[in-house]
Protein chains: 2
Amino acid sequence: MRRFATERAKRLLVGSFRSSPPLFSVPLCSSASATAAAMDSAASPVALDTINQKVLKCEYAVRGEIVTHAQRLQQELQSKPGSHPFEEILYCNIGNPQSLGQQPITFFREVLALCDHPPLLDKSETHALFSADAIARAWQILDAIPGGATGAYSHSQGIKGLRDAIADGIAARDGFPANPDDIFLTDGASPGVHMMMQLLIRSEKDGILCPIPQYPLYSASIALHGGSLVPYYLNESTGWGLEISELQKQLEDARSKGITVRSLVVINPGNPTGQVLAEENQKEIVEFCKNERLVLLADEVYQENIYVDDKKFNSFKKIARSMGYSDEDLPLVSFQSVSKGYYGECGKRGGYMEVTGFSAEVREQIYKVASVNLCSNISGQILASLVMNPPKVGDESYESFDAEKTGILSSLARRAKALEDAFNGLEEVTCNKAEGAMYLFPRLHLPKKAIEAAKAVKAAPDAFYARRLLDATGIVVVPGSGFGQVPGTWHVRCTILPHEDKIPAIISRLKAFHEAFMEEFRD
Amino acid sequence: MRRFATERAKRLLVGSFRSSPPLFSVPLCSSASATAAAMDSAASPVALDTINQKVLKCEYAVRGEIVTHAQRLQQELQSKPGSHPFEEILYCNIGNPQSLGQQPITFFREVLALCDHPPLLDKSETHALFSADAIARAWQILDAIPGGATGAYSHSQGIKGLRDAIADGIAARDGFPANPDDIFLTDGASPGVHMMMQLLIRSEKDGILCPIPQYPLYSASIALHGGSLVPYYLNESTGWGLEISELQKQLEDARSKGITVRSLVVINPGNPTGQVLAEENQKEIVEFCKNERLVLLADEVYQENIYVDDKKFNSFKKIARSMGYSDEDLPLVSFQSVSKGYYGECGKRGGYMEVTGFSAEVREQIYKVASVNLCSNISGQILASLVMNPPKVGDESYESFDAEKTGILSSLARRAKALEDAFNGLEEVTCNKAEGAMYLFPRLHLPKKAIEAAKAVKAAPDAFYARRLLDATGIVVVPGSGFGQVPGTWHVRCTILPHEDKIPAIISRLKAFHEAFMEEFRD
């Protein structure tokens, strides 16, 4: 009985599009019980208009309406095979590599398994099942954990020995020292972002400069904490260039409206835009933050995902230190995650933020907020230490590790190029290069008739396109409106993550759909 | 260099007590870098008076000043053995069983290790290392995860197959059905509590009825979300009885001040108070919430921790359903965690909330907030499914599992009784029974001279006592002021978690300290 929605829930589901920009919507058929759907909200002690309106205002398109619809189609495919013109749903909406078949790195998982069940380390059979360096690393990690207790709450910032390993990894990456006491281990990068927003935002008079397009965690977090998102537009015509003149203009504009701008968010490599910032550009950004007294929030979770030879990842901390700037010149937070890179361990919820340039008393406050949630999960903590300190040349696992890593990254690069070329081959579509990250963000120059057809069903044109694409091909992409875009332009975000074997079929389905769509709506 | 604090940081550390109630403080020597400590806060773009004042206001005593001091003593013991009149610090401040040597349940860890590294399942050696039912359970769990991908983000509420298992476990526990779509898997119980506070609190005009004494997660979360904590006092003289007349009085009092009371928090078994509610009392509470249109937030994380024969855990959902009340009568959220019980897997950050009695549109909002953080960690999700569905009679692991479980719970019961008797044996100390949970909350009837001595160093009397106890014995307890208490009464919270072998020594140290303390301050 619990799997059947009432008539009211069904009606809620049937409405195919909502007003533009699309509101967030969820799969009622799977997430709400029949009773809940049947309840009269007004009669409930918690009616929709009595909840925190910041929650109501928050949007998160990556798991929004289009995904709800895709899940419904998937259920239909299961219950009625052949009911749609495709056999499977291809989720290109979210950077979730292992959900599309990417295999985890063997060494990392060996270490995790051993740390989860340390009695294995005393058994002779274990040597037949695990590499010698994974066994050694597990011992080393257990030695770093008080009592070897992987089931205990850790220090609120994370296990000290693991923070040491991460600091070593950062120092090796940057060529500048890192302090383990600056590391806060978090359940993925998102809780760190929330913590910083919570710290910085006092009211809607506090603004955070965010790129547009942006990963909607930022807009969601700013909304939840009641602040103002101050947009700065990336320049699509220069490969999603980040221009200081635009930052300056938006900053001044916000200030003239009485907004105290507290922070600048930079996502590098870009999400959803895939660009990798040049070193000179990063220096300008650091200078801008220093001069304008802004906290630089650097989302660096795609630091391992670079696909072009002429670009290289540089952390903002490395850039700042190379300019001679220290803690005292600039508050800077770098976010890293185990969910991205070549490892793609999204489900493990590991990550950290490196917090520099705050006074001791403000750091106390960050520590206190971390303490309220006790600590991040220990498996995620261990994994964060592993991705920042993977096997090295000479280690038993090194060759197989390196083969797995290189295999994944080179395949991602090929997939990025193939999809980029495919989008650029479509009529009235232009697509910047994915220099890094996991996404393409092609621009759709839609015919007027298509825009009118979207308007008629109260959808944003890119949401209309994405919905049509899904219904015709099973491919799930996220409309650009979920990330923000220059008004009047339309985009979709498409991950480069489907299995490489499937890319040719995806491309041909995409082409066939697009040709038919353009034919249908040609002006 | 990074391990040395500047003079300024040292001075911050040296101040032994702050004003009463004690403010939150953190271990600067380990968490703040020298540079941060040396920075002039006023010169920083993020001065203390420019951060979100809700963050500043929030307190969390369980990891507060006393723990900071204990960590410092521990470092001193390491660097200068023999520098204190004890050899080790005994952390009785936090419910963290595995940090004090409790061993994890073998079956649970076997399953986790196999799910972390599924290729083990194909190897013959694995059968020598893992029990057959752990192998079978791992297969079952992997089959429930799309693509068997334990490294992928799951559905925002958690993996459906694991929610099915949890719903089955709840139904078996309660004798009433549970709906997997009502389950939201979370990283421990805390994020679920935050999510509900975020949903319900719009401003300081929204109130949450909380027990006093309470687990300070509640006061911290209410402060962070800008609401008002409406206290109701548990009656110490009736074993921390929860009286409806007190609820009613405080509710009316709050309403008369213009507060909209939205919710009632009940912690059962109690933290820090250890009482287990009687069924009749629970019925009154349900009736009260229904009549007053309050959301019942039921913290049921200690549901497996019952130490007395005449008490039994009943979930509030079971009580409500047994009264004939359905979803439509009462919004009710039950929080559960893998951190407590006989499993004590704090570091795994697993848990769930069962959300019933909300309208479909409000549930959408809860789902949306869950989606912004993508999902809880998969190991924690797996563990939550295991604790709600442990091995059953006839399974290969059942006997050893049951021996481990019974061993832990019966030892906890003995430790609770021994410590309770010890506290009651101290001059001018009274201690209610720990019927459940992991804590004792003895009342200290302190001599006037001790109260004056505390006042002289600007400390709360119970903080003064706890600090003296720590300095003399190495035992860390949390002052009652961190949990709230009837004004003018003084308590400490002491966990029952130190290893059983150590209990006699703890008791004799405690006695000796207390006698000397009373002697010193006798009126």
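Structure values in brief
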read-out: Total residues in region B:462-488, condition of a type outside the set (A, V, I, L, M, F, W, C), within 19 Å of residue B:59 (Cβ to Cβ) and open to solvent by 10 Å² or more (accessible area, probe 1.4 Å); value: 7
read-out: Criterion: within 19 Å of residue B:303 (Cα to Cα) and touching a residue at least 40 places away in the same chain (Cβ under 8 Å) - qualifying residue of B:167, B:254, B:189; value: B:189
read-out: Inter-residue pairs, beta-carbon under 7 Å, first facing another protein chain (nearest Cβ under 7 Å) and in region B:341-359, second of a type in the set (D, E, K, R), 6+ apart; value: B:349/A:187; B:349/B:187
read-out: Selection status of residue A:67, open to solvent by less than 10 Å² (accessible area, probe 1.4 Å), facing another protein chain (nearest Cβ under 10 Å), at pLDDT below 90 and part of a helix (DSSP H, G or I); value: no
read-out: Test set (1) at pLDDT 95 or above; (2) charged (D, E, K, R); (3) open to solvent by 20 Å² or more (accessible area, probe 1.4 Å) - residue B:433 fails condition number; value: (1)
read-out: Pairs with Cβ under 8 Å, 6+ apart, first in region B:43-58 and in contact (Cβ under 8 Å) with a residue 24 or more places away in the chain, second open to solvent by less than 10 Å² (accessible area, probe 1.4 Å); value: B:55/A:199; B:55/A:368; B:58/A:368; B:58/A:372; B:58/B:220
read-out: Close pairs from region B:216-241: first β-branched (Val, Ile, Thr), partner in a loop (DSSP other than H, G, I, E, B), Cβ under 9 Å, at least 6 apart; value: B:222/B:58; B:222/B:201; B:230/B:259
read-out: Residues of region B:179-203 classified as closer than 17 Å to residue A:55 by Cα, facing another protein chain (nearest Cβ under 10 Å), in contact with a Ser or Thr (Cβ under 7 Å, 6 or more places away or on another chain) and not hydrophobic (A, V, I, L, M, F, W, C), total; value: 1
read-out: Whichever residue in region B:436-452 is over 20 Å from the mean Cα position of the chain (by Cα) and farther than 15 Å from residue B:485 by Cα and, among such residues, is surrounded by the fewest Cβ atoms within 10 Å (Cβ to Cβ); value: B:448
read-out: Meets criteria (polar (S, T, N, Q), free of Cβ contacts under 8 Å to residues at least 40 places away in the same chain and closer than 20 Å to residue B:319 by Cβ) for residue B:245; value: yes
read-out: Test set (1) more than 23 Å from the chain's Cα centre (by Cα); (2) over 15 Å from residue A:427 (Cβ atoms); (3) of a type in the set (Gly, Ala, Ser); (4) assigned to a helix (DSSP H, G or I) - residue A:512 fails condition number; value: (2)
read-out: Residues located in region A:70-87, provided they are assigned to a helix (DSSP H, G or I) and more than 22 Å from the chain's Cα centre (by Cα); value: A:72, A:73, A:74, A:75, A:76, A:77, A:78, A:79
read-out: Residue match in region B:421-440 (condition: farther than 22 Å from residue B:190 by Cβ and within 14 Å of chain A (Cβ to nearest Cβ)); value: no
read-out: Subset of region A:323-335 [closer than 23 Å to residue A:195 by Cα and of a type in the set (A, V, I, L, M)]; value: A:330, A:332, A:333
read-out: Pick from region B:311-336, criterion more than 14 Å from chain A (Cβ to nearest Cβ) and in a loop (DSSP other than H, G, I, E, B), ranking: farthest from residue B:413 (Cα to Cα); value: B:324
read-out: Of the criteria (1) surrounded by fewer than 21 Cβ atoms within 10 Å (Cβ to Cβ); (2) free of Cβ contacts under 8 Å to residues at least 12 places away in the same chain, which one residue B:120 fails; value: (1)
read-out: Qualifying residue in region B:292-302 (condition: open to solvent by 10 Å² or more (accessible area, probe 1.4 Å), among the aromatic types (Phe, Trp, Tyr), at pLDDT 95 or above and under 30 Å from residue A:371 (Cα atoms)); value: no
read-out: Selection count, region A:303-322, where residues are more than 25 Å from residue A:194 (Cα to Cα) and either among the small types (Gly, Ala, Ser) or open to solvent by less than 10 Å² (accessible area, probe 1.4 Å) (or both); value: 1
read-out: Any hit, region A:406-424, residues being at pLDDT 95 or above, in a loop (DSSP other than H, G, I, E, B) and within 24 Å of residue A:300 (Cβ to Cβ); value: no
read-out: Selected residue (criterion: farthest from the other protein chains (Cβ to nearest Cβ)) from residues of region B:70-87 that are of a type in the set (A, V, I, L, M, F, W, C) and open to solvent by 10 Å² or more (accessible area, probe 1.4 Å); value: B:86
read-out: Residue count, region A:381-405 (criterion: assigned to a loop (DSSP other than H, G, I, E, B) and without any contact (Cβ under 8 Å) to a residue 60 or more places away in the chain); value: 3
read-out: Residues being of a type outside the set (Lys, Arg), within 30 Å of residue A:312 (Cβ to Cβ) and buried (at least 21 other Cβ atoms within 10 Å of the Cβ) - total across region A:135-166; value: 5
read-out: Test: residue in region A:366-373 that is touching a Leu at 6+ places or on another chain (Cβ under 7 Å), facing another protein chain (nearest Cβ under 9 Å), assigned to a loop (DSSP other than H, G, I, E, B) and not polar (S, T, N, Q); value: no
read-out: 2 or more residues at the interface with another protein chain (Cβ under 8 Å from one of its Cβ atoms) and over 30 Å from residue A:216 (Cα atoms): qualifying helices (runs of 4 or more DSSP H) within region A:88-178; value: A:106-116, A:126-129
read-out: Any hit, region A:204-214, residues being of a type outside the set (D, E, K, R) and within 11 Å of chain B (Cβ to nearest Cβ); value: no
read-out: Condition check for residue A:342: within 25 Å of residue A:492 (Cα to Cα), hydroxyl-bearing (Ser, Thr, Tyr) and at pLDDT 95 or above; value: yes
read-out: Members of region A:399-414 found to be farther than 16 Å from residue A:100 by Cβ and among the charged types (D, E, K, R), listed by number; value: A:399, A:402, A:404, A:405
read-out: Filter result (acidic (Asp, Glu) and either assigned to a strand (DSSP E or B) or within 26 Å of residue B:61 (Cβ to Cβ) (or both)) within region B:278-302; value: B:299, B:300
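The values are calculated or read from the model by the stated rules, or taken from the named source; none is laboratory data. Here the structure is a predicted model, which means the values were calculated and not measured. Counting neighbours? That spans all protein chains shown, and the Cβs are built from the backbone with ideal geometry, glycine included. Quick note on the areas: whole protein, heavy atoms, side chains included, nothing else; ligands and nucleic acids left out. Shrake-Rupley method; radii C 1.70, N 1.55, O 1.52, S 1.80 Å.
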